[in-house]
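A short worksheet on the structure shown next.
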């Protein structure tokens, strides 16, 4: 650590006073972060005065308006980005200036928290036992010399310091301004205050006064705290104490220390009549003590777990919300001013509390926690929320320099582990500490709701168990599109086992003329022998069949302009994999015995179906109607379902509102009237450019029209505004997918699916990008994680079977995958899988099994001499696991499909396929 004092206004240096304690030789203050990483807060100071007193400069712990403004302009860009996500940062050449100014539609209430424990039922915070109050009494109460300063707001000079061998005076007059000072406790053990409170001793000393422990002899000998003044000659301190009595005596909240009384006591030594506040005794540990107790093996402070810090933040916001509902501001929240007692968090030291409309009294705050605008504009709800975010930052990582270098900014997230691991937590801190107060959370309730959402996400990622919750901003998922992940097969289900059809023009066994035969293929035995020998096998190509959009063929992407057609003739909104990829998926691991791949088995993996970006974007969750909108009641009773009928009904409203315009915009998108939708969006943006719902629909419209980068920027701005909501992350996953950023798409999809399994489209999206990246096992795991209670369970299991087996080379060890696929197909009979799809899926499983058997049935080396997997069941879907049994199984499935076919030509084709796979017999 540098020996220069961290305070920007001090030119001194640190000296070792013994025991490793460093203190400045000029200002007398210790470093904010000690060499061991301990949390330490600067003393509370005066940030400014009221209208009458002007804006005063105060002591060393204050901040001035000009300094705060300069620091904000120079550093805010390094820690706060309107678009802070990895997806939008990767958009080369894209503007990242878009942001959302959110106004909460609801008002925060001051209701008492209904939770009985910390953690919102999501995380278990260790209880702090209530200690014996006597153990907290100071044996030798005194104020250290390094903390003695003149209490006049316009002076702040060091006082009571030692000179040579003479110790510093605890009482006297400031040598700079002549103001009297006294740091001597005025009460001692055994003193009786107001004939009721028996003093036990001193508990602590703070920025606004001494704190004494006492017993209330009039009320059941309960423990209470008496808080006096540090210096009765200071008018600001006296006013603060009176203010605390006036405001807090009427406040009752489970997370705020209770004020019982305000009494006066005659000091026998000086003859002065001193005032004391009588408050509830809160036994426990402050957040600073809890944070400093966590140690690494090297002895440094270990940051608090982020989930525990979030739990503290939620409880603190409950208390601040209650104060705000009573027109009060806390002003000085920090790690020193919150105590955990058993399973509850309480705010203490309420001396800085003031009314929102108070423009006269002094403003108290702490450097590193206080918002930059307070010195000039005064405190506000936004500045209170700022202090909570700063406290969360101090608790969750080693925040070096938070009182100077990063006094009003956050470090680069790439350098902070907790920010890299939990992006949503970082975004929450970014919004709560935005240099512009108007862009922070609008209320403590809103910030608590988003912090709870972040906590759900953190706990889900840590435990692997979902933590879903009903959103107050977004509705549920509209529908799940693209459940058919794979393109329709265009080849035989078994490339080694299918026999060529009869030559063209030949007659069938019963005299029926056969269809045109397919070109001959290389015999299976010859193909396998040549492949294992490393010799490429010439294979006569099959006639070109109309390939399904997407997959491994030529790929199309919609134009990126807002208006117009689809450019290349591909269907609007379809995107196929492989085009404009920013990262090449890693190839699948090679087989144990590397061979040259036969041309019939390309290593690109299964062909995916075309991704319908338009349908997926319209299936995203819809923002809930603002209950304060003038037409909220009309929209709630709207019965029209068809988009055209809905547009007609909405245009009949006497006075259109934002909600009716947004509903009409969505109807136009569903009708594919893109020009009209863009015009409607432009009109709404002109009136409400920063409303988050408008920005959300800007993203939806851009995604439908093909402007994918603009869609990503819009959804990223909504994510910045609501980091605890799953819907923006789901939308960003879709944007990343259509932009070809498979890694980012997988991260966003995984984040949503891990937190809330109600968003089933995230599971299919995750599996889709995993298949595209060559991760079959991951795709199967994602699809099989869809719960049986979901309506999409069957579709997920069907896709999982195909993810296991589609386009697998027969010389791979497939036994375990074949067994698992067969078990799933059998189990799907009980989940309503129709007969046609069941038999189609059976042919795929049996065809892959036939290729595997014809290739020699390779299996991995067993891990044990008698491995059950190696000697597993010898049947697949009721067919013997040999060539004859599998051919009979394929014949049986194809004949069943022929009986279920609706058209004659289809029935004939299926019968011919059954005959091609039927084993050779004499009859």
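Report the FRET efficiency, 1/(1 + (r/R0)^6), for residue 302 and residue 484, where r is their Cβ-Cβ distance and R0 is 35 Å, rounded to 0.05.
Values: r = 49 Å, r/R0 = 1.40.
Efficiency computed from Cβ-Cβ geometry: 0.10.
Relative contact order for the stretch 393-508: what is it in percent, counting Cα pairs under 8 Å that are at least 6 residues apart? If you can, show how the numbers build up before the last one.
Values: 41 pairs, mean separation 14.0, N = 116.
About 12 percent, as a whole number.
In percent, how large is the relative contact order of the stretch 648-777, given Cα pairs closer than 8 Å and 6 or more residues apart? Please list the in-between numbers first.
Details: 125 pairs, mean separation 17.4, N = 130.
This gives 13 percent for the stretch 648-777.
If the chain linking residue 417 and residue 327 were pulled fully straight, counting 0.36 nm for each residue of separation and taking away their Cα-Cα distance, it would gain 28.6 nm.
Sort 735-748, 128-141 by the packing proxy (mean of other Cβ within 10 Å over each peptide's residues), most packed first. Kindly include the intermediate steps, with their values, before the conclusion.
Values: 735-748: 24.1, 128-141: 12.7.
Listed from highest to lowest mean packing, they are 735-748, 128-141.
If R0 is 60 Å, the Cβ-Cβ spacing of residue 686 and residue 154 corresponds to a FRET efficiency of close to 0.75. Taking each residue as 0.36 nm, the span from residue 785 to residue 615 lengthens on full extension beyond its C-alpha to C-alpha distance by 58.8 nm.
Take the Cα of residue 377, step 7 Å toward its Cβ, do the same at residue 820, and the gap between the two points is 5.5 nm.
Given R₀ = 25 Å, what would the calculated FRET efficiency be for residue 273 paired with residue 170, taking r from the Cβ atoms and rounding to 0.05?
Details: r = 21 Å, r/R0 = 0.86.
Once rounded, the FRET efficiency stands at 0.70.
Relative contact order, percent, of the stretch 128-231 when contacts are C-alpha pairs under 8 Å separated by at least 6 residues? Present the calculation step by step, with values, prior to reporting the outcome.
Details: 176 pairs, mean separation 20.4, N = 104.
Answer for the stretch 128-231 is 20 percent.
Ranked by the mean number of other Cβ atoms within 10 Å of their residues, highest first, the peptides 623-630, 280-287 come out as 280-287, 623-630. Summary of the geometry: the stretch 409-467 and the stretch 148-171, compared by the centres of their Cα atoms, lie 43 Å apart. A simple spin-label model places the labels of residue 357 and residue 679 4.9 nm from each other, with each point 7 Å out along Cα-to-Cβ.
What residues from the stretch 425-455 fall in the zone where the backbone N is under 18 Å from a label point 7 Å along the Cα-to-C-beta line of residue 469? Under cut-off, by backbone N: 425-432, 441-455.
None of the figures in this text is laboratory data; all of them are computed from the coordinates on show. The structure presented is a predicted model; accordingly, all values stated were derived computationally and were not measured. Note that we place each Cβ from the backbone using ideal geometry, even for glycine, and neighbour counts take in every protein chain shown.
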